[in-house]
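The values are calculated or read from the model by the stated rules, or taken from the named source; none is laboratory data. Please read these numbers as outputs of a predicted model, since none were measured by experiment. We place every Cβ from the backbone using ideal geometry, glycine too, and count neighbours over all the protein chains shown.
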Amino acid sequence: GIQVEQSPPDLILQEGANSTLRCNFSDSVNNLQWFHQNPWGQLINLFYIPSGTKQNGRLSATTVATERYSLLYISSSQTTDSGVYFCAVEWRDSSYKLIFGSGTRLLVRP
Amino acid sequence: GAGVSQSPSNKVTEKGKDVELRCDPISGHTALYWYRQRLGQGLEFLIYFQGNSAPDKSGLPSDRFSAERTGESVSTLTIQRTQQEDSAVYLCASSPLAGGEQFFGPGTRLTVL
């Protein structure tokens, strides 16, 4: 099956710093989503981005499908950005289920 | 509009008992998915519904797990004879159509004592 790897596994930032999270996948995908899981466990949709670049406020994402990776950029981080960031892909050879990476745990300190 | 809702939010049960978990998808979403998240881990796919049919049940861990969907709306995940390894957060997601962006509910935290 497809492998989805996220890096780094853990990240600690000072408030105001920028960061880049990476998601590599081992096969072609139909779709890719980025989620933020807040400390209460809720999964919040960040981006639906099978290819290209999107921006939403301080966050942006880029997926290069031909090279099998996606990047999530967080600029001017805030303490509320803390939580776990998941990348999930819809593998072309499976049903429409999402296959999740193991996440990047982010802590933003004031 | 309303998002995906799940009930109960928490469920504590004794080993061997049966439990039912409910998911109400976003109105009009034809596709519905169940996932499981063990403590500190990513999400694992369980089952996918298109309308009331389940084309992919490949993630159900054992025959103790079953799910149904009625009226192309609410879905119920049933776990029979619960075991301690079933303890996890069970999350439901829906999408407007198969392969579309998935939106998740808040989950049901199941604890099997």
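Here are a few things to note about the model shown:
- Residues located in the range A:30-44, provided they are within 16 Å of residue A:62 (Cα to Cα) and either exposed (fewer than 15 other Cβ atoms within 10 Å of the Cβ) or more than 13 Å from every other protein chain (Cβ to nearest Cβ) (or both): A:30
- Filtered residue count, the range A:82-101, keeping only those that are acidic (Asp, Glu) and either within 16 Å of residue B:91 (Cβ to Cβ) or more than 7 Å from chain B (Cβ to nearest Cβ) (or both): 1
- Residue ID - nearest to the other protein chains (Cβ to nearest Cβ), chosen from residues in the range B:17-36 that are in a strand (DSSP E or B) and among the acidic types (Asp, Glu): B:24
- Some residue of the range A:10-29 being touching a strand residue (DSSP E or B) at 6+ places or on another chain (Cβ under 8 Å), closer than 28 Å to residue B:5 by Cα and either among the aliphatic types (A, V, I, L, M) or surrounded by 17 or more Cβ atoms within 10 Å (Cβ to Cβ) (or both): no
- Hits in the range B:47-81 (condition: of a type outside the set (S, T, N, Q), within 14 Å of chain A (Cβ to nearest Cβ) and assigned to a loop (DSSP other than H, G, I, E, B)): B:51, B:57, B:59, B:60
Conditions tested, residue by residue: (1) among the basic types (Lys, Arg); (2) over 12 Å from residue A:19 (Cα atoms); (3) modelled with pLDDT of 95 or more; (4) assigned to a strand (DSSP E or B).
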residue: A:60; (1), (2), (3), (4): no, no, yes, yes
residue: A:72; (1), (2), (3), (4): no, no, yes, yes
residue: A:84; (1), (2), (3), (4): no, yes, yes, yes
residue: A:93; (1), (2), (3), (4): no, yes, no, no
residue: A:97; (1), (2), (3), (4): yes, yes, no, no
residue: A:106; (1), (2), (3), (4): no, no, yes, yes
